[in-house]
1. Among (1) free of Cβ contacts under 8 Å to residues at least 40 places away in the same chain; (2) assigned to a loop (DSSP other than H, G, I, E, B); (3) within 24 Å of residue 84 (Cβ to Cβ), there is one condition residue 179 misses while meeting the rest; what is its number?
2. Have a look at 182, 172 and point out the one that is at pLDDT 95 or above and buried (at least 22 other Cβ atoms within 10 Å of the Cβ).
3. Hey, can you tell me all the residues within region 1-23 that are over 17 Å from the mean Cα position of the chain (by Cα) and farther than 16 Å from residue 199 by Cα?
4. Suppose the filter is free of Cβ contacts under 8 Å to residues at least 24 places away in the same chain, under 17 Å from the mean Cα position of the chain (by Cα) and either within 21 Å of residue 36 (Cβ to Cβ) or outside any helix (DSSP H, G or I) (or both); does residue 209 pass it?
5. Quick check on region 13-55: of everything there that is in contact with a helix residue (DSSP H, G or I) (Cβ under 9 Å, 6 or more places away or on another chain) and part of a helix (DSSP H, G or I), which residue is nearest to residue 201 (Cα to Cα)?
6. State yes or no: is residue 135 touching a strand residue (DSSP E or B) at 6+ places or on another chain (Cβ under 7 Å), outside any loop (DSSP other than H, G, I, E, B), surrounded by fewer than 20 Cβ atoms within 10 Å (Cβ to Cβ) and touching a residue at least 60 places away in the same chain (Cβ under 8 Å)?
7. Name the one entry in 216, 167, 152 that is outside any loop (DSSP other than H, G, I, E, B) and more than 16 Å from the chain's Cα centre (by Cα).
8. With free of Cβ contacts under 8 Å to residues at least 60 places away in the same chain and part of a helix (DSSP H, G or I) as the only criterion, which of 68, 103 stands out?
């Protein structure tokens, strides 16, 4: 999608290769995405992550159309750098800052599904523990106290970093995110941002399919919104 994106083909393999859905790449200079039911903003390093992650992508031509897409209630998913971009353009609250230990993390983590009553998590069970890959240097979620409380009250925190047994501890938190936040949605529930990579845990050939359920739920929700 942007110069520097490097996970777009991974996502396309899941949507088109595994789920057999019509998929097209949307370039950052496009203005019209009216033919698209779901927008997925991929991971990577948009514009080289200069200034800060997502800061330059925020001003891309495509952003006006993405915001309009979301405001119509259509589905938008931001993964890793995509999550950072969604906070930059104001579709999601808070910000992603440098990891607590100022290091780049590439690892597998345990994640707890906190709310299964959303388009994104409907195929999961609430409190289900899944394993997903992460790869980021600026994945530490931060928001002010009032925003955090609102996210908690409205059940907008969909994923949290946890232990193998589902305990929410600081030791299980790879980057220092407040409240162990790994993924949140907007109040309406049609916009999701998450730092873990579900697309890298979808193909059985990779030995982990915990991420495919997110795309299966997304597919069911997209069919519903397409009829509205």
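1. Unmet for residue 179, out of (1) free of Cβ contacts under 8 Å to residues at least 40 places away in the same chain; (2) assigned to a loop (DSSP other than H, G, I, E, B); (3) within 24 Å of residue 84 (Cβ to Cβ): (2).
2. Working: 172 fails: buried (at least 22 other Cβ atoms within 10 Å of the Cβ).
One residue alone meets the criteria, 182.
3. Those that are over 17 Å from the mean Cα position of the chain (by Cα) and farther than 16 Å from residue 199 by Cα: 3, 4, 22.
4. Numbers: free of Cβ contacts under 8 Å to residues at least 24 places away in the same chain: yes; under 17 Å from the mean Cα position of the chain (by Cα): yes; either within 21 Å of residue 36 (Cβ to Cβ) or outside any helix (DSSP H, G or I) (or both): yes.
Yes.
5. So the first thing to find is which residues in region 13-55 are in contact with a helix residue (DSSP H, G or I) (Cβ under 9 Å, 6 or more places away or on another chain), and the list is 13-15, 18-19, 21-34, 36-47, 49, 52-55.
Cutting the leftovers down to part of a helix (DSSP H, G or I) gives us 13-15, 18, 46-47, 49.
On the way: 13: 12, 14: 10, 15: 13, 18: 12, 46: 22, 47: 26, 49: 24 Å.
Among residues in region 13-55 that are in contact with a helix residue (DSSP H, G or I) (Cβ under 9 Å, 6 or more places away or on another chain) and part of a helix (DSSP H, G or I), the one nearest to residue 201 (Cα to Cα) is 14.
6. Working: touching a strand residue (DSSP E or B) at 6+ places or on another chain (Cβ under 7 Å): yes; outside any loop (DSSP other than H, G, I, E, B): yes; surrounded by fewer than 20 Cβ atoms within 10 Å (Cβ to Cβ): yes; touching a residue at least 60 places away in the same chain (Cβ under 8 Å): yes.
Yes: the conditions hold for residue 135.
7. Numbers: 216 fails: more than 16 Å from the chain's Cα centre (by Cα); 167 fails: outside any loop (DSSP other than H, G, I, E, B).
Being outside any loop (DSSP other than H, G, I, E, B) and more than 16 Å from the chain's Cα centre (by Cα) holds for just one of 216, 167, 152, which is 152.
8. Numbers: 103 fails: part of a helix (DSSP H, G or I).
Exactly one residue qualifies, and that residue is 68.
The values are calculated or read from the model by the stated rules, or taken from the named source; none is laboratory data. The shown structure was predicted, so the numbers you read here are calculated from the model rather than taken from an experiment. Using ideal geometry, Cβ is built from the backbone for each residue, glycine included, and neighbour counts are taken over all protein chains shown.
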